[in-house]
Amino acid sequence: MSNSVIVGAQWGDEGKGKVIDIFAAKADYIVRYQGGNNAGHTVVIGKDSFILHLIPSGILHKNKICVIGNGVVIDPRALLEEIAMLEERGIKVDSRLFISEEAHVILPYHKLLDELKEQKKKKIGTTKKGIGPCYSDKVARSGIRVIDLLEEDTLKDKLRSNLEEKNSVLAKIYGAEGFNLASMYKEYLDYGKKISKYVCNTKRLLNDAIKNKKRILFEGAQGTLLDVDYGTYPFVTSSNSTAGGASIGTGVGPNKINKVIGVVKAYTTRVGEGPFPTEFNDSLMEKIRQKGKEFGATTGRPRRCGWFDGVVVNHAVMVNGLDELVVTKLDVLDELDTLKICTGYKFGGKIYNDFPASIKTLTQCRPMYEELPGWRKDTTGITSYAKLPTNAKRYLKRIQELVKTKIVLISVGSERNQTFSKGD
Ligand code: IMP
């Protein structure tokens with residue numbers, strides 16, 4: 001395997017955790033490049049189930065090196081809790097986890113501002129983990145980076161000037177209580193001490209690894225339609241979750257990345273607000289939600305569910321340069337009589353095959369559907385493509401044709417062994 005990126009090709013929650021876990025077996029380094037603990041990557045190994053928010057899913061494989069790149073935003077409290085959870089469950093993290101000194105830190109005022117903004121009528125439906133406010137500070141050049149937690153004076157200076165501004169915004173705009181400098185300084189200095197053993201120049205680490213012919217797997221979080229540039233803006237996250245983010249968020253040149261693999265669900269889901277053209281009606285929504293256990297791994301919120309949307313996935317194929325596709329949760333559709341695939345949108349007498357930029361258009365457009373017969377057979381025990389029911393193969397073939405990208409892997413359950421390659 002060369003150096004590959006795995007990205008979500010819909011609105012996140014495509015089952016990337018499981019797919020990354022499978023591909024991680026053939027990699028030496030597994031690297032997160034964007035997002036933070038808004039992500040929830042679930043990996044099921046036998047009777048054990050792990051949900052990772054910040055640490056790359058590769059940590060579950062012995063001897064793999066895991067890196068949190070500069071493009072990630074880190075809540076140190078959440079990070080330390082995740083490390084403790086893994087160690088308690090017998091997974092050794094020390095000397096296998098490396099954190100970029102340039103990654104930005106999520107502070108309590110980021111989380112509070114995220115929560116307060118979400119109380120507005122026009123909300124985004126965020127995870128309230130402070131992601132957006134932290135990235136805003138990064139771009140506004142007032143962010144605090146991991147390296148700053150290791151320098152007492154720098155941390156104090158930055159916290160002082162940030163708290164002056166944040167406390168004033170909290171009081172004047174939201175009527176909320178501000179934060180105390182001394183206690184925040186003490187708490188974050190302490191986090192710095194605790195995580196310092198993991199902190200290094202991860203750009204150098206990764207580029208040296210590539211020189212030494214090690215294989216790198218870049219683990220995307222969220223999904224293409226949540227990307228701040230290519231998603232359904234403003235109903236997006238605040239980072240570049242698409243494949244290009246892998247270079248920016250790690251310091252590995254784009255010419256060193258050889259392959260981009262997209263992960264899609266056999267249908268579509270999204271959490272939070274924003275347009276969703278192929279969203280199901282109420283009864284089908286509930287049926288698929290229950291069967292697919294469609295509840296957020298981070299927030300527990302019920303996910304909105306809908307038909308497979310070819311416009312969405314074609315957009316993802318283009319903006320990520322997808323080479324291959326992995327289809328997950330095919331089994332969730334096992335009981336349906338008829339399946340629909342969206343091939344385009346109609347709005348104002350026009351047909352859209354490209355994803356429209358206007359949220360207004362997207363909200364009002366009508367999906368154009370093709371209907372295919374269901375297979376009405378349990379696929380969860382199937383271990384090879386050849387054994388899939390004919391109508392399931394037909395469904396996958398139609399998706400492959402529509403998005404002009406080769407399906408390489410199919411998943412029919414949460415276990416590692418409920419996965420098989422497509423073959424042809
Ligand atoms: P934020 O990333 O918490 O700011 O949330 C912005 C939007 O991205 C909201 O619609 C969230 O529901 C969505 N989102 C963030 N992280 C994930 C994820 O890992 N899976 C699915 N949706 C996500």
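The simple Förster model, with R0 at 30 Å and r as the Cβ-Cβ distance, assigns Lys387 and Val44 a FRET efficiency of 0.85.
Is the stretch 1-66 best put as rounded, prolate or oblate by its Cα gyration tensor, with a ≥ b ≥ c the root eigenvalues, rounded for a/c under 1.5, and otherwise prolate when a/b is larger than b/c, oblate when not? All intermediate terms of the calculation are to be shown ahead of the outcome.
Values: a/c = 1.43, a/b = 1.09, b/c = 1.31.
In terms of gyration-tensor shape, rounded.
The Cα-based radius of gyration of the chain, divided by its Kirkwood radius, gives an Rg/Rh of 0.98.
By how many nm would the segment from Lys193 to Asp208 lengthen if fully extended, with 0.36 nm per residue of separation less the alpha-carbon distance? Mind showing how you got there, number by number?
Details: separation 15, 0.36 × 15 = 5.40 nm, distance 2.64 nm.
So the extension gain works out to 2.8 nm.
Sorting Tyr395, Tyr174 on the 10 Å Cβ count, fewest up front, what's the list? It would help to have the intermediate numbers written out before the result.
On the way: Tyr395 23, Tyr174 14.
Result, fewest neighbours first: Tyr174, Tyr395.
Put simply, when 234-241, 263-270, 401-408 are sorted by average Cβ atoms within 10 angstrom per residue, most first, you get 263-270, 234-241, 401-408.
Note on Lys156: lysines with a C-alpha under 29 Å away, same-chain residues under 8 apart excluded, are Lys111, Lys117, Lys128, Lys129, Lys138, Lys166, Lys172, Lys186, Lys193, Lys194, Lys197, Lys203.
Please list 53-63, 135-145, 33-43, 328-338 highest first by mean number of surrounding beta-carbon atoms within 10 Å per residue.
33-43, 53-63, 328-338, 135-145
May I ask for the angle, rounded to the nearest 10°, between helix 390-403 and the longest principal axis of the chain, with both axes built from Cα atoms and the value confined to 0 to 90°? In the chain, helix 390-403 runs at an angle near 60 degrees to the longest axis.
Please report the net charge: other residues with Cβ closer than 13 Å to the Cβ of Val312, K and R +1, D and E -1. Could the numbers behind the result be given before it?
Numbers: positive: Lys265, Arg270; negative: Glu14, Asp227, Glu279, Asp309, Asp354.
Net charge in that neighbourhood comes out at -3.
The order of Cys134, Cys200, going from fewest to most other C-beta atoms within 10 Å of their C-beta, is Cys200, Cys134.
Based on DSSP, what percent of beta bridges with both residues in the chain are antiparallel, to the nearest 5? Antiparallel: roughly 40 percent of the beta bridges in the chain. Here each label is just a point 7 Å from Cα along the line to Cβ, and for Asn353 and Arg394 those points are 2.4 nm apart.
Efficiency by 1/(1 + (r/R0)^6): what FRET value for Glu415 and Tyr174, r their Cβ-Cβ distance, R0 = 41 Å, to the nearest 0.05?
Working: r = 46 Å, r/R0 = 1.12.
Step by step, r from the Cβ atoms, then E = 0.35.
Could you work out the helix-only [θ] at 222 nm for the chain, with each DSSP H run of four or more residues adding -39,500 (n - 2.57) and the total divided by the number of residues, to the nearest 500 deg cm²/dmol? Let's see the in-between values first.
On the way: 13 runs with 138 residues, N = 424.
After summing the helix terms and dividing by residue count, I get -9500 deg cm²/dmol.
DSSP bridge analysis restricted to the stretch 264-421 gives an antiparallel fraction near 70%, rounded to the nearest 5.
Each value in this text was obtained by applying a stated rule to the coordinates, not by laboratory testing. Here the structure is a predicted model, which is why all the values come from computation and not from measurement. Note that each Cβ is placed from the backbone with ideal geometry, even for glycine, and that neighbours are counted across all protein chains shown.
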